[in-house]
Structure formats: C-alpha cells, structure tokens
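Encoded as structure tokens, the structure appears first; notes follow it.
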Amino acid sequence: MTETSPRPASKTPQLSVCLTFDFDAVSLWTATFRSESPSEVSRGEFGPNVGVPRILELLKRQRVTATFFVPAVTARQFPDSVATIAADGHEIASHGDRHEWLVRREREVEAEIHQRALETLTNIAGTRPVGFRAPGWDLSPHTIGLLEELEFIYDSSQFGTDFHPYRARKGDVVGRYTWEPGETSALWEMPVSWELDDFPSFFIRPPDFVPGGSVDDVRSAWLAEFDYARRKALGGLFTLTLHPQIIGRGPRIEMLESLVTTMREYENVHFTTLAAVASRLSREPADAGSGGDI
Ligand SMILES: [Zn+2]
C-alpha cells in the first residue's frame, strides 16, 4: 500500500495505540510446545537476552510506554529482566503462572494459577497487575469471573471487535453446536487479532519451516490497519501483540521503530498502556460503552 501522509488533526488525542509484548521466554517452549530439547528451549532465552533490551531501547528513544504480559514463571526465571521493564515505567500484566492453557481447567485450579501469578508478579514488578492475557488467547469459561473476583480491570484475549474495548462476559457456555453468552462482567475487554500479531508472520519452526513474512509486507499490513483505525475508529484503541523473542531480531525491531515513528507523526494519536485505557474507561459511567475518547 501507499503510505498516507500525516494530516492536520484536532488537538485532542483520538486514537490510543498500545504496544503489547507477551514475554513468554522459555515457557513458550516448555509449557506450550512441551519441548524437551535444550537447543529449542534456548530460543526462549533470546527474549530476555536480546529482544527485551532492544525493545526497551526503542521505547525509551520513542518516549513510549508499553504493556508487557508476563507469565509468572518468566519473572521467576528472569527476575532482573522483568524488574528492568517495570523500572522503565512499563505496565506488567499477568499472562498466567506457567503459560498454561486454561480451557479445561477446574475452576479451583485456575483460581490458584491466577493467585500465584499475581503474587509473583507483584513481588518482582513492585505493583499489582490489573490486566490479564490468556496464553494462546484461550480463556476458560471461568476466567473472566475469576479475574473479576481478583479485581483485575481488563482482559486482552478476545476478538469481538477490532478497535473498540467492550465489557467482557463471564460464564459463556460453548458446546459443539451451542453457544450461550454469559452475563456482562465489570472487566473491559481489549480486543486482539492475529492480523496484528507478529507470531503468524514471523514464527518459524521445523519441520514445516513455514516461510516468515517479509518485514516490508508486515509493516505495510500493520500500517494499513492503523491508518483505517486512525480515520474510521476515532476514540478507539489500536493494539499490536508482539513477542520479544520474535520481534527482537534486527530487521523486525527496526521495522517496528519505523512504524512507531510514522504513527507518532499524527497529532490525534497517542501511545499509552492498556491499564491506562482500562482505568479511564472504568471511571466512566457503566453504560458509557466505548464511545468516548480513550
Ligand atoms: Zn504467550
């Protein structure tokens, strides 16, 4: 696509942009892929060793504050890395205890997972997380209700809209041929999408070796989504989901920085964290929806 040039804009920020980083580190390999190969698992070390330092430098240069979803096990294995992210002023949000899949967990077992993750992340980051993203973006029927009880204020695992946060439901019942929506919860849902995630385009693993996307193609696709949001979803939220071990490679981190530079040229675009967006929405009347600027 052709890049659009920045146009005159109102003084009021009208599109919030949140860069979100899922800091899975080795848990992606040990928990999600159940790998037993030290070589393969070492790919997760690229996150704290290379990806996070490059990301933090980029964010500092661009004066952008971001949200990091951290499995508690990453904080236990790489405490200095997580403490540095928090010390730089970024949001630390929960991404499970061991990056475990939640879908078929008993309610009590899942409650312990969230509690353990909260305790670990609070200790290492110094502040209590208010946001959650499910590993693999897969919630269980219990997750939203449990997060509400634990006083989280937002989740970021669902796909119900593209650029507008909405109230998450709790207790959805999903069967093979049935779907019964549950009741509305107090949590804000910060929508995600595979289109705005670095994983599908760049993740490479044998034996399939699905070709990684070119950085130019990905930049172009993300910029087109951003440009649409900036023109058609004013008052909304544009998020990217990124993984330090994936986006951290040289050409990709440079592509991300170039994209951030372009986005920052618009006066009606501002960068923020998901926690800041959720807390602003939570201060509005319960029936306000997501119609206003965030
Ligand atoms: Zn993850």
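The values are calculated or read from the model by the stated rules, or taken from the named source; none is laboratory data. Just so it is clear, the model here is predicted, and its values are computed rather than measured. Counting neighbours? That spans all protein chains shown, and the Cβs are built from the backbone with ideal geometry, glycine included.
Key figures
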quantity: Any chance GLU189 is touching a strand residue (DSSP E or B) at 6+ places or on another chain (Cβ under 9 Å) and surrounded by fewer than 12 Cβ atoms within 10 Å (Cβ to Cβ); calculated: no
quantity: Top-ranked residue of region 28-49 - restricted to ones that are under 12 Å from HIS99 (Cβ atoms) and among the hydrophobic types (A, V, I, L, M, F, W, C), ranked as surrounded by the fewest Cβ atoms within 10 Å (Cβ to Cβ); calculated: PHE33
quantity: Within region 114-138, considering residues that are surrounded by 21 or more Cβ atoms within 10 Å (Cβ to Cβ) and over 22 Å from GLY89 (Cβ atoms), the one farthest from the ligand (Cβ to nearest atom); calculated: HIS114
quantity: Residue among ALA31, ALA25 that is at pLDDT 95 or above, within 16 Å of the ligand (Cβ to nearest atom) and among the small types (Gly, Ala, Ser); calculated: ALA25
quantity: Failed item in (1) of a type in the set (S, T, N, Q); (2) surrounded by 21 or more Cβ atoms within 10 Å (Cβ to Cβ); (3) modelled with pLDDT under 95, with THR2 passing the rest; calculated: (2)
quantity: Residue identified as within 18 Å of ASP155 (Cα to Cα), over 14 Å from the mean Cα position of the chain (by Cα) and touching a residue at least 24 places away in the same chain (Cβ under 8 Å) among LEU256, LEU281, LEU196, LEU237; calculated: LEU281
quantity: Long-range neighbours under 9 Å by Cβ, at least six apart or interchain, first residue under 15 Å from CYS18 (Cα atoms) within region 211-230, second of a type in the set (Phe, Trp, Tyr) and part of a loop (DSSP other than H, G, I, E, B); calculated: GLU225/PHE163; ALA229/PHE163; ARG230/TYR266
quantity: Search result, residues across region 71-121 that are modelled with pLDDT under 95 and β-branched (Val, Ile, Thr); calculated: VAL103
quantity: Contacts under 6 angstrom Cβ, first residue in region 63-78 being more than 30 Å from GLU265 (Cα to Cα), partner within 15 Å of the ligand (Cβ to nearest atom) and of a type in the set (Asp, Glu), 6 or more apart; calculated: ALA72/ASP97
quantity: Residue match in region 94-104 (condition: touching a Lys or Arg at 6+ places or on another chain (Cβ under 6 Å), within 14 Å of the ligand (Cβ to nearest atom) and in contact (Cβ under 8 Å) with a residue 40 or more places away in the chain); calculated: yes
quantity: Pairs, first within 17 Å of LEU102 (Cα to Cα) in region 143-170, second charged (D, E, K, R) and not in a strand (DSSP E or B), C-beta under 8 Å, six or more apart; calculated: THR143/GLU110; LEU146/ARG107; LEU146/GLU110; ASP155/ARG133; SER156/ARG133; SER157/ARG133; SER157/ASP138; LYS170/GLU148
quantity: Pick from region 169-193, criterion within 21 Å of GLY131 (Cα to Cα) and charged (D, E, K, R), ranking: nearest to the chain's Cα centre (by Cα); calculated: GLU189
